[in-house]
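K.L.:
First, the structure itself, so that you have it in front of you.
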Amino acid sequence: MADRRHFLKAAVMAMPGLAVSGRTDPASHVHSPWPVRLDDWEEIRGQYDLWDARTYLNTGGLGPSPRPVLDRFREVMDDLQLRSETGHNLIEAAREPVARFFGASEEEIAFTRNATEGNAIVASGLALKAGDEIIIDAHAHPGGAIPWLNRWKQDGIVVRTFDPSGTDAAGIVSRMEDLITSRTRAIQVSHVTAPTGILLPVEEIADLARRHGCWFHIDGAQSAGMMPIDLHAIGCDSWATSGHKWLGAPHGTGILFIRRDGLDRIRPTEVGAYSDAGYALPDQLDYIQTARRHESGTRNAPLVEGLRSACAFMDTIGMHQVRNRGLALTARLRKGLSALDDMDILTPQAREMHGSILTFRSPAVPFRDLYRHLTQEHRLRIRIVTEVDLNAVRISLHVFNSEADVDRVVEGVRAAIG
Ligand SMILES: Cc1ncc(COP(=O)(O)O)c(C=O)c1O
């Protein structure tokens, strides 16, 4: 166990050339694959300091960071404060392993504060004029929807929505295709929708977008850290995520991906020091030829290092294992709920159409009462779903959750419906 802990710390620290306090980390020769696979769920649970007073089931809102990630974050923060240095070298060193974790190249990613920022950089940067149309899922989170609504308000673009619910992926793609006109310029989908956890067929949608000459952006806030992601294989043009949900990175972290040959299609809207490859007043500005052009000014390097080590932590478990664990826990929850009378489970059942979220309601109990009962009587930290009148409750199940957590939800619901 002590050995495993040592290896885990090494895995989280591992980074070629990583220097802290001017020293090179002794584990820095460790690259990929990471030295151990964490495969014991109790041991993984033990890596998180979670509040005993309740069961945490809201990773879709905010995900806790495991202790090794927080240790690393604090260590770098203390060190940089002590020396009063920015640590920009750490940001540059994080770029390649983080990009690789998501199947991208280091020139294709920018570090952001959250998913919303990445979504907004794309929505505000695409060249669109009044009357141009974009398509987005009707279940988009405000962090995915409002950047486009801003273009509607500012520039008169037309926002069209499709219903992402249903049990048939091909049907969803065909509903989207029905909305495409000669004015459609971009498509955005939530990879996993926030209200009910629908996993959308992003490869097929990428293909649809390509066939119609549309830019394809993915809001990946709910899928990064929930399942393996290979951005080049998906074939999207851009993608944004938060670090502080399923990845378990510190609060205020995010990643934006823009595929290499699409870089100049996104007009940089906020630039400054570090966005340029050369400038001179009054009339010269050359953008740097990477997605880093969207980062400017002094940044919080400990946060980026926390994000990098969160990816390393997840990689140590193995993203296929993470995905399968989420599927197993949600299957257990579905089975438990289905045994109760009249449960209305809104998340699709097919393995390829969902991840680690399950949303449900009961005709027997108003959803606010169900929510209140589960949070107050059973001390479950869950989320209420009021979007598009779904009127339900949402359970998120991640690597630190157990079968006992799932059973607590089922017991709570059983008691609520009487
Ligand atoms: C699909 C989706 N997009 C965007 C966001 C916003 O994330 P952030 O607050 O990190 O920008 C969320 C948050 O729940 C989300 O679920």
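K.L.:
Hey, GLY118 hits all of (1) more than 16 Å from the ligand (Cβ to nearest atom); (2) assigned to a helix (DSSP H, G or I) but one; which does it fall short on?
P.N.:
Answer for GLY118: the failing condition is (1).
K.L.:
A further question follows. Run down ALA115, ALA94, ALA123 and say which single residue is assigned by TED's automatic domain parsing to the domain that holds GLY248, farther than 20 Å from PRO250 by Cβ and small (Gly, Ala, Ser).
P.N.:
Answer to the check: ALA123.
K.L.:
Go through (1) at pLDDT 95 or above; (2) within 30 Å of MET77 (Cα to Cα) for ASP344 and report which single condition fails.
P.N.:
Evaluating ASP344 over (1) at pLDDT 95 or above; (2) within 30 Å of MET77 (Cα to Cα) leaves (2) as the failure.
K.L.:
State yes or no: is THR184 at pLDDT 95 or above and polar (S, T, N, Q)?
P.N.:
Values: at pLDDT 95 or above: yes; polar (S, T, N, Q): yes.
Yes, satisfied.
K.L.:
Here is a further query. Among residues belonging to the stretch 157-183 that are assigned to a loop (DSSP other than H, G, I, E, B) and more than 20 Å from ILE345 (Cα to Cα), point out the one that is farthest from the ligand (Cβ to nearest atom).
P.N.:
Across the stretch 157-183, the extreme among qualifying residues is SER182.
K.L.:
Considering each of LEU179, LEU231 in turn, give the residue that is within 15 Å of the chain's Cα centre (by Cα) and either closer than 22 Å to VAL304 by Cβ or surrounded by fewer than 24 Cβ atoms within 10 Å (Cβ to Cβ) (or both).
P.N.:
LEU231
K.L.:
Pairs under 7 Å by beta carbon, first residue without any contact (Cβ under 8 Å) to a residue 24 or more places away in the chain in the stretch 339-354, partner of a type in the set (D, E, K, R), six or more apart or different chains?
P.N.:
ILE345/ARG334
K.L.:
Another question, if that's okay. Would you mind listing the helices (runs of 4 or more DSSP H) fully within the stretch 302-418 where at least 2 residues are closer than 30 Å to VAL173 by Cβ and touching a helix residue (DSSP H, G or I) at 6+ places or on another chain (Cβ under 9 Å)?
P.N.:
319-338
K.L.:
Another question, if that's okay. For the subset of the stretch 102-136 comprising residues that are among the acidic types (Asp, Glu) and in contact with a strand residue (DSSP E or B) (Cβ under 8 Å, 6 or more places away or on another chain), which member is farthest from SER242 (Cα to Cα)?
P.N.:
So, considering only residues that are among the acidic types (Asp, Glu) and in contact with a strand residue (DSSP E or B) (Cβ under 8 Å, 6 or more places away or on another chain), the one farthest from SER242 (Cα to Cα) is ASP132.
K.L.:
Name the pairs whose Cβ atoms lie under 6 Å apart, with the first residue in the stretch 49-71 and under 19 Å from VAL192 (Cβ atoms), the second outside any loop (DSSP other than H, G, I, E, B) and within 14 Å of the ligand (Cβ to nearest atom), and 6 or more positions between them or separate chains?
P.N.:
LEU57/SER396; ASN58/ARG383; ASN58/SER396; THR59/SER396; GLY60/ILE357; GLY60/SER396; GLY61/ARG383
K.L.:
Name every residue in the stretch 291-306 that is crowded, with 20+ Cβ neighbours inside 10 Å and farther than 18 Å from ASP78 by Cβ, in order of residue number.
P.N.:
ALA291, ARG292, ARG293, HIS294, GLU295
K.L.:
If only one of ALA186, ALA130, ALA94, ALA104 is buried (at least 22 other Cβ atoms within 10 Å of the Cβ), assigned to a loop (DSSP other than H, G, I, E, B) and either more than 16 Å from the ligand (Cβ to nearest atom) or touching a residue at least 40 places away in the same chain (Cβ under 8 Å) (or both), which one is it?
P.N.:
Details: ALA186 fails: assigned to a loop (DSSP other than H, G, I, E, B); ALA130 fails: buried (at least 22 other Cβ atoms within 10 Å of the Cβ); ALA94 fails: assigned to a loop (DSSP other than H, G, I, E, B).
Only one candidate qualifies: ALA104.
K.L.:
Could you figure out which of (1) farther than 15 Å from HIS294 by Cβ; (2) surrounded by 19 or more Cβ atoms within 10 Å (Cβ to Cβ); (3) in the same structural domain as ARG299 (by TED's automatic domain parsing) isn't true of THR55?
P.N.:
(3)
The values are calculated or read from the model by the stated rules, or taken from the named source; none is laboratory data. Since we're looking at a predicted model, the values are computed, not measured. So basically every Cβ, Gly included, is an ideal-geometry build from the backbone, and we count neighbours across all protein chains shown.
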